[in-house]
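Asks: This is the structure I want to talk about, given as structure tokens.
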Amino acid sequence: MMTLTLNGQLKTFDFEAPVSVETVLAQLSVNGRHVVVEKGGVICQFPFEGVMLFDGDCLEIVHFVGGGLSRNYLGAKV
């Protein structure tokens, strides 16, 4: 068993440390191409080559979100 703090919440996984970031993201059904991971003040992005996690590590997983307002929405003439 391995426990990580993910985005401020404790989560227990059914595998032994160390484990790769890719393994944890797959367990969470998260596409690594759409996130960045902060571990110990270091920001990692896909591919997460060589980034290993150990029991008790703290991670922040941040999803990319697209969007914004179109010019038409703002009432501008296109």
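Throughout, read-outs are computed from the coordinates displayed, never taken from laboratory work. Treat the numbers as computed from the prediction; the structure is a model and nothing was measured. All Cβ positions, even for glycine, are placed from backbone atoms using ideal geometry, and neighbour counts span all protein chains on display.
Asks: Roughly what would the spin-label model give for residue 43 and residue 26, points 7 Å off Cα along C-beta, in nm?
Replies: A separation of 2.7 nm, rounded to one decimal place.
Asks: Helix-derived [θ] at 222 nm for the chain: sum -39500 (n - 2.57) over DSSP H runs of at least 4, divide by residue count, nearest 500?
Replies: Result for the chain, helices only: -2000 deg cm²/dmol.
Asks: OK, next. Would you pull out the residues with amide H under 5 Å of residue 53's amide H, same chain only if 5 or more places away, H placed 1.01 Å from N?
Replies: Residues meeting the criterion, in which the H sits 1.01 Å from N, are 19, 20, 21.
Asks: How many percent of the alpha carbon pairs in the range 2-63 exceed a separation of 17 Å?
Replies: 28
Asks: Can I ask one more? For the chain, modelled as a GNM with alpha-carbon contacts under 10 angstrom, which of 67, 40, 32 fluctuates the most?
Replies: Judging by the Gaussian network model, the answer is 67.
Asks: For the range 29-71, I need the span (max minus min coordinate) of the C-alpha atoms along each principal axis, in Å, sorted largest to smallest.
Replies: The principal-axis extents, from largest down, are 47, 19, 17 Å.
Asks: Oh, and also: What are the ³J(HN,Hα) values, in whole Hz, obtained from phi via the Karplus relation 6.51 cos²θ - 1.76 cosθ + 1.60 with θ = phi - 60°, for each residue of the range 21-29 in sequence order, with x given for Gly and Pro?
Replies: Karplus values, whole Hz, x for Gly and Pro: 4, 4, 5, 5, 4, 4, 4, 8, 6.
Asks: Once you keep just the Cα pairs under 8 angstrom separated by 6 or more residues, what percentage relative contact order results for the chain?
Replies: Taking the mean separation of contacting Cα pairs over the length of the chain, I get 34 percent.
Asks: Given DSSP loops and a limit of at most 13 other Cβ atoms within 10 Å, what is the longest stretch of the chain that contains no such GluC sites (Glu not before Pro)?
Replies: Result for the longest clean stretch: 17-48.
Asks: Taking amide H positions as placed 1.01 Å from N in the peptide plane, with prolines and chain starts having none, which residues 5 or more places from residue 44, or on another chain, fall under 5 Å of its amide H?
Replies: Those lying under 5 Å, H to H, from residue 44 are 37, 38, 39.
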